[in-house]
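*Asks:* Quick one: this structure, given as structure tokens, is what I'll be asking you about.
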Protein chains: 2
Amino acid sequence: MKKTITLLFSLVVATVQAQNADSVAIRSIYNETLAHGKSYEWLRHLTKQIGPRLSGSTGAQKAVDWTKQLMEQQGFDRVFLQEVMVPHWVRGAKEEAYFRIGSKKTTVPIAALGGSVATSPKGVEAGVIEVKSFPELRALGPEKVKGKIVFFNRPMDPTKINTFEAYSGAVEQRANGATEAAKLGAVGAIVRSMASNADDSPHTGGMRYATGVPLIPTAAISTNGADLLSKSLKENPGLTFYFKQNCESLPDAKSYNVVGELRGSEKPDEIIVVGGHLDSWDLAEGAHDDGSGCVQAIEVLRVMKALGYKPKRTIRAVMFMNEENGLRGGVKYADLAKQNNEKHIAAVESDNGGFTPRGFGIVGTPAQRAKVDPWKPLLAPYGLAEIGAGSGGADIGPLAQLGTVLFGFKPDSQRYFDYHHASVDTFETVSKRELELGAASMAALVYLLDTHGL
Amino acid sequence: MKKTITLLFSLVVATVQAQNADSVAIRSIYNETLAHGKSYEWLRHLTKQIGPRLSGSTGAQKAVDWTKQLMEQQGFDRVFLQEVMVPHWVRGAKEEAYFRIGSKKTTVPIAALGGSVATSPKGVEAGVIEVKSFPELRALGPEKVKGKIVFFNRPMDPTKINTFEAYSGAVEQRANGATEAAKLGAVGAIVRSMASNADDSPHTGGMRYATGVPLIPTAAISTNGADLLSKSLKENPGLTFYFKQNCESLPDAKSYNVVGELRGSEKPDEIIVVGGHLDSWDLAEGAHDDGSGCVQAIEVLRVMKALGYKPKRTIRAVMFMNEENGLRGGVKYADLAKQNNEKHIAAVESDNGGFTPRGFGIVGTPAQRAKVDPWKPLLAPYGLAEIGAGSGGADIGPLAQLGTVLFGFKPDSQRYFDYHHASVDTFETVSKRELELGAASMAALVYLLDTHGL
């Protein structure tokens, strides 16, 4: 009995000591990041000097070159590119749009959705059918929809506390609205911006056409524009809507994921990924989406080097290409991992903005999630209260099939959809402290994953 | 035994049912606030139409008149004023400041600290002694300090996770720097702004002179200005600093707390206060500090009325006057409560900005805090994870001596000191959703306090 108690006591002491060591290490990670952080100035360069970087664009290539050079300058053990062919959609000349009541034209801000076809060079003008849902549209039937422009105007639900839930509840309009409208003979689809605020910036984003359905042009209208159009339709149901857009899909282009690596000292064949996506929409600086995630990932490795921390496992910062309109980079990364027989034990992605940290979503088995439980008290003092089953991240998603446990960094969601996919997603909307706390939170998790495994 | 078990079971069932009713009520509070909230438009009026409202100013009086009228329009059961005499400090003409190296003058942004005396009409110019702490200053002694301007340049510690801790660690320089410098014969004191970011806006704030020490003029310098001055001092220790300010303290002025009330239906003599302070610094719109707290408090009562909720106890929205430079309104409120034998069971203050909610700090006995424990699971789904012993709020502080339990609404602290007491504390920096979530959080707590008592 005494032996058992002694053993138990030793175990408890060992656990407490380990926790203390972790606690000290995590404190030093936050200290380094908050007092000497580099991510904010890197983000300034990426957004202000490079700017928009849609897949296939010059900006995207510059971002590849610059992050590769940056990671080389940081002295990471290895920096390399992974070639990947990406969709190459271009917006062309700026869109025009107005609605017309009699001879009066009222201009509204629109932006073609990514992947949409152009209108004819003269544009398209037609009567408008406003709907809030696909069932409502289908109930109208082809006789009412044929030859019309369908206006999808279901807002993001403001009563959802997490705005990503509200986004999920509305985004089908953007993704599939054109197809649903075309099935009934519509000639265009205008979609209320996926935005949580009232503003004048259209928020673009990806859409896809179903096969066998006519490809009709589709665009996002700003939330203020949508409200104005809806109000005007109530007063003048016969108004017409005109829009002209000039976008097109070019042949796939060559691009790259950019990978920086610190080689593991004990288990180099076990890999931990931390990443974000390097591409952004063409009309945005992509500060929150997802410049933040990229510079945070690089900062994680920089902080480890600055602290003299030698990881047991191999840690990789990955700048994924093409999250916005194809996910080719994420798929390629997982394909190569499989092909090269790499063992990825965990992947952490930051793609919900550079906001104040709240926690991590985990994609893994209950047993894997349970291994994270003892870390919660270590992370709680840093505002990371929400750690549990959740979503990982689009780019790391394909790694799940290799058994990798996925972690999605979860910053506060309240402001994300004010900026998302719009020209207002600028460097100025990022708080240095919030960005750095996010980087430190990711570094703390990566430290725990590296130290204790999964 | 069976009886006991049955009784226990009934208790558990009753508790679960009560929790369900609470859960539903809290959900409806958030729904109303997020879908139909009025606080954001009220804040727009308070900041953009009324603007700065330092105690004794025309703006403060306008804010009193307008919030009284607003609460009357909302149909609260009673709206009344509490007269209070407040300090009346005025800035006068804008300050001027530069440092001079040889014949080269470099202008830097400063703002007189609230309560400071003016310089002579010609201004003051002297050599500069830079220090990071009072002990460092004292160690220099009068021989080195006499006739000089002391430059207090200890930054807020960026490694503190909660920025209010960093503020607490630096603010003595602003509050007492002039006195400490004057004791050693200095002719002026320049204080690094209490700001967590690098910017060009000086952040003012209250200071006080100790009795028996010469009153020397003192001002805040922007953080960028402080860094530039410090760098220049290293290169040119003999540089001189010039500043001129024109502030003065006028005789106390008449002002008011503004109180709106919903009368309790069962225990009208038990009062719950929810409030913020109506005054702001003269150079700021006071959007976060503390227009947010005021409009949130009014919104709490509006939401209750909109939901048809009849409070058991009396709920008061209180706009306290003069938090910034005297706390006279808070003191007056507690004095009147005592004088009128009012029983205040709880007071909730929002004075940490209109940011995304994190929790509540509680000032009360362990037994009182324990009564809040069962509410935590009801509030956690709304991001309110941090509920426990903490600080209440300056204005409600004087109620503690009457046995009132104090609750300080705790929003995320990361951006607060970017704006605090500076011209950049504008309406545009407030997120509608974050502001509304704060109002709903306060309403949820007030609902629980009203329903269950304390």
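The values are calculated or read from the model by the stated rules, or taken from the named source; none is laboratory data. Nothing here was measured: the structure is a model prediction, and the numbers come from that model. Here the Cβ positions follow ideal geometry from the backbone for every residue, glycine too, while neighbour counts run over all protein chains shown. Heavy atoms of the whole protein, side chains included, go into the accessibility calculation; ligands, DNA and RNA do not. Shrake-Rupley method; radii C 1.70, N 1.55, O 1.52, S 1.80 Å.
*Asks:* Decide, for segment B:275-371, between rounded, prolate and oblate: order the square roots of the alpha carbon gyration tensor eigenvalues as a ≥ b ≥ c, take rounded if a/c falls under 1.5, and otherwise choose prolate if a/b is larger than b/c, else oblate.
*Replies:* Working: a/c = 1.44, a/b = 1.20, b/c = 1.19.
Verdict is rounded for segment B:275-371.
*Asks:* Something else: Hey, any idea what the orientation-averaged projected area of the convex hull of chain B's Cα atoms comes to, in nm²?
*Replies:* Numbers: hull surface 95.7 nm².
Mean orientational projected area (chain B, Cα hull): 23.9 nm².
*Asks:* While we're looking at this one, here's another question. What are the aspartates and glutamates whose alpha-carbon lies under 15 Å from the alpha-carbon of residue A:94, with same-chain residues fewer than 8 places away excluded?
*Replies:* Those aspartates and glutamates meeting the cut-off are A:248, A:282.
*Asks:* With all protein chains present, calculate the accessible area of residue B:412 using a 1.4 Å probe and round the result to the nearest 10 Å².
*Replies:* For residue B:412, solvent-accessible area is about 10 Å².
*Asks:* Quick one: with label points 7 Å out along Cα→Cβ, list the inter-copy distances for residue B:141 in nm, shortest first?
*Replies:* 10.1
*Asks:* Taking segment B:326-454 as the region of interest, what is the percent of Cα-Cα pairs per 5 angstrom bin, listed from the shortest bin to the one with the maximum distance?
*Replies:* The percentages, shortest bin first, are 2, 11, 19, 22, 19, 14, 9, 4, 0.
*Asks:* Moving to a separate point now. If you take the square roots of the eigenvalues of the alpha-carbon gyration tensor of the protein assembly as shown and sort them as a ≥ b ≥ c, do you get rounded (a/c under 1.5), prolate (a/b over b/c) or oblate? Don't skip to the answer; put the middle values down first.
*Replies:* Numbers: a/c = 1.39, a/b = 1.26, b/c = 1.11.
Here the protein assembly as shown falls in the rounded category.
*Asks:* Once you order the gyration tensor axes a ≥ b ≥ c over the Cα atoms, which shape class does segment B:317-397 get: rounded for a/c under 1.5, otherwise prolate or oblate by comparing a/b with b/c? Show your work: numbers first, answer last.
*Replies:* Working: a/c = 2.61, a/b = 1.51, b/c = 1.74.
Here segment B:317-397 falls in the oblate category.
*Asks:* Taking all protein chains in place and a 1.4 Å probe, what share, in percent, of the accessible surface of the protein assembly as shown do carbon and sulfur account for?
*Replies:* Details: 18890 of 34830 Å².
C and S fraction of accessible area: 54 percent.
*Asks:* A follow-up question, please. Counting partner chain Cβ atoms within 10 Å of every residue's Cβ in A:424-434, what's the average? Don't skip to the end; give the middle numbers.
*Replies:* On the way: counts 0, 0, 0, 0, 0, 0, 0, 6, 7, 10, 3.
So the per-residue partner count for this stretch is 2.
*Asks:* Same structure, new question: Skip the ligands, DNA and RNA, and give the accessible area per residue of the protein assembly as shown with a 1.4 Å probe, whole Å².
*Replies:* Accessible area per residue, the protein assembly as shown: 38 Å².
*Asks:* What size of dipole, in debye to the nearest 20, comes out for the protein assembly as shown about its Cα centre when the only charges are +1 on Lys and Arg C-beta atoms and -1 on Asp and Glu C-beta atoms?
*Replies:* Working: 102 positive and 98 negative charges, 150 e Å.
In debye, rounded to 20, the protein assembly as shown gives about 720.
*Asks:* Taking both sides together, what accessible area is buried at the B/A interface, probe 1.4 Å, expressed in Å² and rounded to the nearest 100?
*Replies:* Details: alone 18480 and 18430 Å², together 34830 Å².
The summed interface area works out to 2100 Å².
*Asks:* Which lysines have a Cα lying under 16 Å from the Cα of residue A:310, excluding residues fewer than 8 positions away in the same chain?
*Replies:* Candidates past the 8-residue exclusion: A:267.
*Asks:* Select from segment A:232-303 those GluC sites (Glu not before Pro) which occupy a DSSP coil region and have at most 15 other Cβ atoms within 10 Å, ordered by residue number. Walk me through the intermediate numbers first.
*Replies:* On the way: sites: A:235, A:248, A:261, A:266, A:270, A:285, A:299; in loops: A:266, A:285.
Those that pass, being in a loop and sparsely packed, are A:266.
*Asks:* Something else: Take every residue in peptide A:157-165, count the Cβ atoms of other chains within 10 Å of its Cβ, and give the average of those counts.
*Replies:* Mean partner shielding for this stretch: 4.
*Asks:* Next up: If you build the convex hull over the alpha carbons only and average its shadow over all orientations, what do you get for segment A:246-328? Give it in nm² to one decimal.
*Replies:* Working: hull surface 26.3 nm².
Computing the convex hull of the Cα atoms and averaging its projections yields 6.6 nm².
*Asks:* Mind checking which chain A residue has its Cβ closest to the axis relating A to B, and how many whole Å off it is?
*Replies:* Of all Cβ atoms in A, the one closest to the rotation axis yields A:385, 2.
*Asks:* List, in order, the whole-Hz ³J(HN,Hα) value for each residue of segment A:83-93 obtained from phi through the Karplus relation with A = 6.51, B = -1.76, C = 1.60 and θ = phi - 60°; use x for Gly and Pro.
*Replies:* Each residue of segment A:83-93 in turn: 5, 8, 7, 10, x, 10, 9, 10, 6, x, 4 Hz.
*Asks:* Further question on the same structure: Could you give the alpha-carbon Rg of segment B:145-194 over 2.2 N^0.38 Å, rounded to two decimals? Working shown, then result.
*Replies:* Numbers: Rg = 12.2 Å, N = 50, 2.2 N^0.38 = 9.7 Å.
Segment B:145-194 yields a ratio of 1.25.
*Asks:* Next question, about the same structure. Could you tell me how far the Cα centroid of segment A:56-110 sits from the Cα centroid of segment B:351-388, in Å?
*Replies:* 43 Å
*Asks:* Sticking with this structure for a sec: Report, for residue A:80, each distance to the same residue's label point in the other copies, shortest first and in nm; define the point 7 Å along Cα→Cβ.
*Replies:* For residue A:80, the other copies' label points sit at 7.9 nm, shortest first.
*Asks:* Kirkwood hydrodynamic radius, computed over distinct alpha-carbon pairs, for segment B:92-246: how many Å, to one decimal? Intermediate results must be reported in sequence, preceding the final value.
*Replies:* On the way: mean 1/r = 0.0658 Å⁻¹.
Result for segment B:92-246 stands at 15.2 Å.
*Asks:* Run lengths n ≥ 4 of DSSP H only: what is the helix-derived mean residue ellipticity at 222 nm for the protein assembly as shown, with -39500 (n - 2.57) per run over all residues, to the nearest 500? Spell out each step's value before the answer.
*Replies:* On the way: 26 runs with 326 residues, N = 908.
Computed mean residue ellipticity for the protein assembly as shown: -11500 deg cm²/dmol.
*Asks:* Here's another thing I want to ask about it. Determine the relative contact order of segment B:240-298: mean sequence separation of Cα pairs under 8 Å and six or more apart, normalised by residue count, in whole percent.
*Replies:* Numbers: 26 pairs, mean separation 15.5, N = 59.
Averaging sequence separation for qualifying contacts and normalising by length gives 26 percent for segment B:240-298.
*Asks:* Please average, across the residues of B:323-330, the number of beta carbons from any other chain that are within 10 Å of each residue's own beta carbon, and give a whole number.
*Replies:* Per residue, the number of nearby Cβ atoms from other chains is 0 on average.
*Asks:* Label-to-label distances across copies for residue A:18, with labels 7 Å out along Cα→Cβ, in nm, shortest first?
*Replies:* Nearest first, the other copies' label points are 4.2 nm away.
*Asks:* Another question, then. Which of B:48/B:183; A:432/B:254; B:338/B:410; B:62/B:148; A:38/A:160; A:231/B:376 have a Cα-Cα distance over 31 Å? The partial results should precede the final answer.
*Replies:* Numbers: B:48/B:183 42 Å; A:432/B:254 42 Å; B:338/B:410 27 Å; B:62/B:148 42 Å; A:38/A:160 34 Å; A:231/B:376 42 Å.
With Cα atoms farther than 31 Å apart: B:48/B:183; A:432/B:254; B:62/B:148; A:38/A:160; A:231/B:376.
*Asks:* Calculate, for residue A:367 and residue A:83, the FRET efficiency according to 1/(1 + (r/R0)^6) with r their C-beta to C-beta distance and R0 41 Å; round to the nearest 0.05. Working shown, then result.
*Replies:* Details: r = 37 Å, r/R0 = 0.90.
After rounding to 0.05, the efficiency reads 0.65.
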